[in-house]
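Below: one structure, written as structure tokens.
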Amino acid sequence: MTDTLIRAALFDLDGVVFDTESQYSKFWGEQCRMYHPDKPGLENEIKGQTLVMIFDKYFSGLKDEQPKIIAALDEFERGMGFEYIDGFLDFIGSLKCKGIKTAVVTSSNMMKMRSVYAAHEEFRSLFDAILTSEDFERSKPDPDCYYKGAAALGVSPDECVVFEDSFNGLKSGRAAGMTIVGLSTTNKADEIKPYCDFVIPDFMHIPQTLKSKF
């Protein structure tokens, strides 16, 4: 954890801003059981990775099936519920009042984001920047996406705090040299603790030691 004063907050999307990870676990669980029945729990390994990376790493031998998966995912996301994690809206509002810059750094693509914008017209106004899978070359756990998030906000990595829930995302933020806050919305608190500077269940429980950094 850096001792530098925090000037920017970077947020993953699913499981951090929105309570959606259980929905994705259901979708990818069905796909993995269909195409990889020999790899139970694979849906947990792919969290935080872009769709392109998921296909390249786990579905490369299934080129003919990939369009079917994309179509199924698009339909699934259009019907998803996008509920904010408890306390998120108040927290991001407090950051703006303090002049802290904010960005979403997500492995989701623009197709998914159109569903988000349709569900929440206010979403784009909450952040100074929104980076999607189209904006970076390498997926989490590579730090590329968070380096680009910091650059988009005009701050250095050590001036950033990352809010993540997946192991890949936590490793990505750590590799970028940023302060890491893990949300125990997807994985248990004791499981993600080794990858974090702080662990919180939601944004209603921000420790004072973290608040003092802003």
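Here are some notes:
- Of the residues making up region 157-165, one or more are within 14 Å of the chain's Cα centre (by Cα), open to solvent by less than 20 Å² (accessible area, probe 1.4 Å) and acidic (Asp, Glu).
- Region 58-104, residues that are part of a helix (DSSP H, G or I), open to solvent by 70 Å² or more (accessible area, probe 1.4 Å) and either touching a Ser or Thr at 6+ places or on another chain (Cβ under 6 Å) or not acidic (Asp, Glu) (or both): Pro67, Lys68, Arg78, Leu89, Lys96, Cys97
- Test result for Leu42, over 30 Å from Leu126 (Cβ atoms) and surrounded by fewer than 14 Cβ atoms within 10 Å (Cβ to Cβ): no
- Residue in region 131-143 that is farther than 24 Å from Ile46 by Cα and surrounded by fewer than 19 Cβ atoms within 10 Å (Cβ to Cβ) present: no
- Pick from region 166-214, criterion among the acidic types (Asp, Glu) and in a loop (DSSP other than H, G, I, E, B), ranking: least open to solvent (accessible area, probe 1.4 Å): Asp202
- Total residues in region 116-130, condition open to solvent by less than 10 Å² (accessible area, probe 1.4 Å) and without any contact (Cβ under 8 Å) to a residue 24 or more places away in the chain: 1
- Within region 100-115, none of the residues are free of Cβ contacts under 8 Å to residues at least 12 places away in the same chain and under 21 Å from Leu153 (Cβ atoms).
The values are calculated or read from the model by the stated rules, or taken from the named source; none is laboratory data. All of these numbers come straight from a predicted model, not from anything done at the bench. Every residue, glycine as well, gets a Cβ built from its backbone with ideal geometry; the counts of neighbours run over all protein chains shown. In case anyone asks, the SASA skips ligands and DNA or RNA and just uses the protein heavy atoms, side chains included. Shrake-Rupley method; radii C 1.70, N 1.55, O 1.52, S 1.80 Å.
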